[in-house]
1. Taking other Cβ within 10 Å of each residue's Cβ, how do TRP33, TRP327, TRP320 sort, fewest first?
2. Looking at the P(r) of segment 200-329, how many percent of alpha-carbon pairs lie beyond 25 Å?
3. Residue by residue, what Karplus-based ³J(HN,Hα) values in Hz, rounded to whole numbers, does segment 161-173 have, using 6.51, -1.76 and 1.60 with θ = phi - 60° and x for Gly and Pro?
4. How large is the direction-averaged shadow of the alpha-carbon convex hull of segment 21-99, in nm²?
5. List the pairs from LYS3/LYS99; LYS64/LYS326; LYS221/LYS249; LYS170/LYS304; LYS225/LYS267; LYS173/LYS267 whose alpha-carbon separation is above 24 Å, in the order I gave them.
6. Roughly how far apart, in whole Å, are the Cα centres of segment 269-293 and segment 32-49?
7. Sort TYR5, TYR194 so the one with the fewest other Cβ atoms within 10 Å of its own Cβ comes first.
8. Given Cβ point charges of +1 (Lys, Arg) and -1 (Asp, Glu) and nothing else, what value in debye, to the nearest 20, does the dipole of the chain about its Cα centre take?
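Just so it is clear, none of the values below were taken in a lab; they were calculated from the coordinates. This is a predicted model, so every value here is computed, not measured. Backbone-built Cβ (ideal geometry, glycine too); neighbour counts: all protein chains shown.
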Amino acid sequence: MLKSYIVGTGSMIPKRVLTNKDLESIVDTTDEWIMRRTGIKERRICTTGNGESTSDMATSASLKALEMACVSPEDLDMIIVGTVTPDIQFPSVACFVQKALGATKAAAFDLSAGCSGFIYALSVANNAIATGNCKTALVIGVERLSSVLNWQDRTTCVLLGDGAGAVVLKPTKDQHGILSTHLQSDGNFWNLLYAYDRAPKVSTLDTVEERPFALRMDGNKLFKKAINCLFDIANLALEHNNLSCSDIKLLIPHQANIRIINALAEKLSIPMDMIYINIDKYGNTSSATIPIALDEANREGLLKQGDYILLVTFGAGLTWGASIVKWAF
């Protein structure tokens, strides 16, 4: 049976660094409080007119992934972008990326699943390859969350950042590759994390302006829900593949909050040194967190052929998902 395997990874991080100390002068918070409650030290924020739009970041990450994979854009059959912060309402970010890359034969579309967007997109691409409808796919997770933040809301603005990550997939009949993906959702809890329309004038980093929508979150309820959902979906993925936590070389979770990651590690009985963490540098970049972390782990030499990698995510919707990858290169 065909399945897909990852042949290249890439990521893009904006240049502008916003530290916790910087935020102390913007909103009523402290570096100590942010670190203790979230594990975040700094985050990256896009600068308007600096080639850092959502599609710009996605294209940059994609070019790095394609270069690693030794794949030409003309060989791409599919481009899927997980995002909730597109450049404009439509057309899709994926179509802008297709244009920028010159991927003339690729079907291109966006997928909206909150922070779970990358895993959802990975599942769609993997299924397309497994059925023989696609030979080479580009999967991207990208967010410009600074575009939907109210910088006077200290419950959300300290958490989020901007960035992009991408992977290139190709088919294989070998034992390595994406062994399975598992997706779940529950719309009954939509109001724990959502963007509301017609936002009033809100504070940005540089001015006060009207926004088409802005973020709202019920952090306490979301925290408890996330831990249980991540634990359940991780176990589902392990059981599906007849694996245990001791078989996993590296866990790459959605980088939402260090306390969620710590709680998940405790429930799974996985030591923290088996978990890739970069939330301290980038904050929560939503659908971009896992592909950014995967690219960094890959380029740092932490992934070896034959290693089992567990990816787990949780986001607005509510949505959550997991994937187990047997690393191939």
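1. The fewest-first ordering by Cβ neighbours comes to TRP33, TRP327, TRP320.
2. It works out to 30 percent of all Cα pairs.
3. Karplus-based 3J(HN,Hα) across segment 161-173 equals x, 10, x, 8, x, 8, 9, 10, 10, 9, x, 8, 10 Hz.
4. Dividing the Cα hull surface by four gives the mean projection, 7.7 nm².
5. The pairs that break the limit, which is 24 Å between Cα atoms, are LYS3/LYS99; LYS221/LYS249; LYS173/LYS267.
6. A separation of 14 Å, based on Cα centres.
7. Ascending number of Cβ neighbours within 10 Å: TYR194, TYR5.
8. 280
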